[in-house]
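Take a look at the structure set out below.
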């Protein structure tokens, strides 16, 4: 469960914070989300990503909090549901981007350079090869190998859940 928390707590926190705009409340409800998740882990059927399931629990807890404390919703329910989906997607994308960036930094220097030039600078393989004093084919193969390393690591981590 500790690993589950490490991998998903930021997603849940960002999701809650975006909805309630209160850092302390988002932190408190994030903790409550994981407590409830532990209690109902046997009900997780794998039909969605675990982070999506956790965000559903978090949303439910936030609605309960608002109902108990009489807070009026500032947004219509339809708008809130649309915002929730966008927020969840953005939070997951941000965490995934941070994770890929961390993994990228662990690659050998040549692979890091090729991936950075290709993805961030949007250079062609020919331009990358010329810039690094190598061939276009070398740049293409190096990029492919780096991509495969990153994909294997991500798939390995997903299988660990």
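Only one of these conditions is not met by residue 10: (1) in a helix (DSSP H, G or I); (2) more than 24 Å from residue 99 (Cα to Cα); (3) modelled with pLDDT of 80 or more. Which number is it?
All conditions pass for residue 10, except number (2).
Quick check on this structure: which one of 130, 102, 122 is loosely packed, with under 15 Cβ neighbours inside 10 Å, more than 29 Å from residue 10 (Cα to Cα) and either in the same structural domain as residue 50 (by TED's automatic domain parsing) or modelled with pLDDT under 85 (or both)?
122
Would you say residue 110 is part of a helix (DSSP H, G or I) and modelled with pLDDT under 80?
no
Among the residues of the range 38-51, what is the count of those that are surrounded by fewer than 16 Cβ atoms within 10 Å (Cβ to Cβ) and either in a helix (DSSP H, G or I) or in contact with a strand residue (DSSP E or B) (Cβ under 9 Å, 6 or more places away or on another chain) (or both)?
Residues flagged as surrounded by fewer than 16 Cβ atoms within 10 Å (Cβ to Cβ) and either in a helix (DSSP H, G or I) or in contact with a strand residue (DSSP E or B) (Cβ under 9 Å, 6 or more places away or on another chain) (or both) within the range 38-51 amount to 5.
When the range 122-136 is examined, which residues are found to be out of contact with any helix residue (DSSP H, G or I) (no Cβ under 6 Å at 6 or more places or on another chain) and closer than 15 Å to residue 146 by Cβ?
132, 134 - these are the residues of the range 122-136 that are out of contact with any helix residue (DSSP H, G or I) (no Cβ under 6 Å at 6 or more places or on another chain) and closer than 15 Å to residue 146 by Cβ.
Filter the range 13-37 down to the residues that are closer than 18 Å to residue 98 by Cβ and surrounded by fewer than 16 Cβ atoms within 10 Å (Cβ to Cβ) and list them by number.
Once the filter is applied, which keeps residues that are closer than 18 Å to residue 98 by Cβ and surrounded by fewer than 16 Cβ atoms within 10 Å (Cβ to Cβ), the range 13-37 yields nothing.
The values are calculated or read from the model by the stated rules, or taken from the named source; none is laboratory data. Here the structure is a predicted model, which is why all the values come from computation and not from measurement. Here Cβ is always computed from backbone atoms with ideal geometry, including for glycine, and neighbour counts include all displayed protein chains.
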